[in-house]
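Quick notes on the structure that follows.
What follows is calculated from the coordinates using simple rules that are stated; it is not laboratory data. This is a predicted model, so every value here is computed, not measured. With ideal geometry, Cβ positions are generated from the backbone for all residues, glycine too; neighbour counts draw on all protein chains shown.
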Amino acid sequence: MGDSRPRNIRNEKTMANEIQYQAAVSSDAKKDPVRVVFLTAKTSAAVKGSTEKRLMSYPHLLLRELLVFEVLTVLLVVLALVWDAPLEQLANPLLTPNPAKAPWYFLGLQELLHYFPPIVAGIIIPTLVVVALIVIPYFDVNIKRERLWDAAHHLRFRAFEGTLAAMVIVLSFYGAWTVAVPTALITLLSLIIALRVCTGLRPVEYLRMKPLSWWIMTWFVAVSSTLTIVGTFFRGPGWSWVWPWK
């Protein structure tokens, strides 16, 4: 008796038996669709998507940038004609203003000079901050984006909280409240997230997903902004504390 199955089914089974599956290292799922592909940590599936429409830099991009530049220039000229610049009197080398404030981008460092010796506030602290910001991207915390309070990283969280607490104590001892207050707020906020207080609120859940690098950068921005704002609006003659509305 002959085989009663349809001819196309017999052909498919014959072709399936003839195909040899081989294990190979590859990352192109379209080029090798019949192989068992092992993707290692250094490879990924290279599936080419649809090619999108592209535009040339000139004239589409450059003309738009030129138009924005011209509008901004006209706006600045109009503002300069309508409002006078907040200039003071002519510079007098025999009269030093009190207080003698640096430009706004240096007011943070000048504010630190009020609490620490010049070598500490002007050299050691800025150098440590810059070195820390340079080193942070080379750690895995900036690549894997793991949450700070995961169960597997409780030691990292304890080290972070311990460092902030030690900074608050040292800064309070020297009376550097413009740095101690934002540091204490960051410490308190991270403790609230870790202890699962106010669970369910959208801001709390948003902060819970942030990695260690995000918290370090947030602390740096908060401290820098506080120092600049205090040095600009709350420092009067003799570097005393004054209210800006008086």
Quiz prompt | Under Karplus coefficients 6.51, -1.76 and 1.60, residue-wise ³J(HN,Hα) of region 56-64 in Hz, glycine/proline x | solution = 7, 4, 10, x, 5, 8, 5, 5, 5
Quiz item: Taking amide hydrogens as modeled 1.01 Å from N in the peptide plane, which residues meet the under 5 Å criterion relative to R235, leaving out close sequence neighbours?
Solution: V242
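For region 51-144, run through the trypsin sites (Lys or Arg not before Pro) and keep only the ones in DSSP coil with at most 13 other Cβ atoms within 10 Å of their Cβ.
Values: sites: K53, R54, R64, K101, K144; in loops: K53, R54, K101, K144.
Filter output for region 51-144: K53, R54, K144.
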Self-check item: L155/L113 FRET efficiency (R0 45 Å; Cβ-Cβ; nearest 0.05)
Solution: 0.80
Self-check item: Low-density loop positions, chymotrypsin sites (Phe, Trp or Tyr not before Pro), region 57-146 - DSSP coil, at most 13 other Cβ in 10 Å
Solution: W83, F139
Quiz item: Karplus couplings for region 115-122 from phi (6.51 cos²θ - 1.76 cosθ + 1.60, θ = phi - 60°), rounded to Hz, Gly and Pro as x?
Solution: 10, 10, x, x, 5, 7, 6, x
Exercise. Work from the charge dipole of region 159-246 (Cβ charges, +1 for Lys and Arg, -1 for Asp and Glu, about the Cα centre) and give the residue of F233, P182, V168 farthest towards its positive end.
Key: F233
Practice problem: Work out from phi, with θ = phi - 60° and the Karplus expression 6.51 cos²θ - 1.76 cosθ + 1.60, the ³J(HN,Hα) of each residue of region 169-176, listed in order in whole Hz, and give x for Gly and Pro. | Solution: 5, 5, 5, 5, 5, 8, x, 7
Practice problem: Distance between Cα centroids, region 164-188 to region 52-88: provide it in whole Å. | Solution: 43 Å
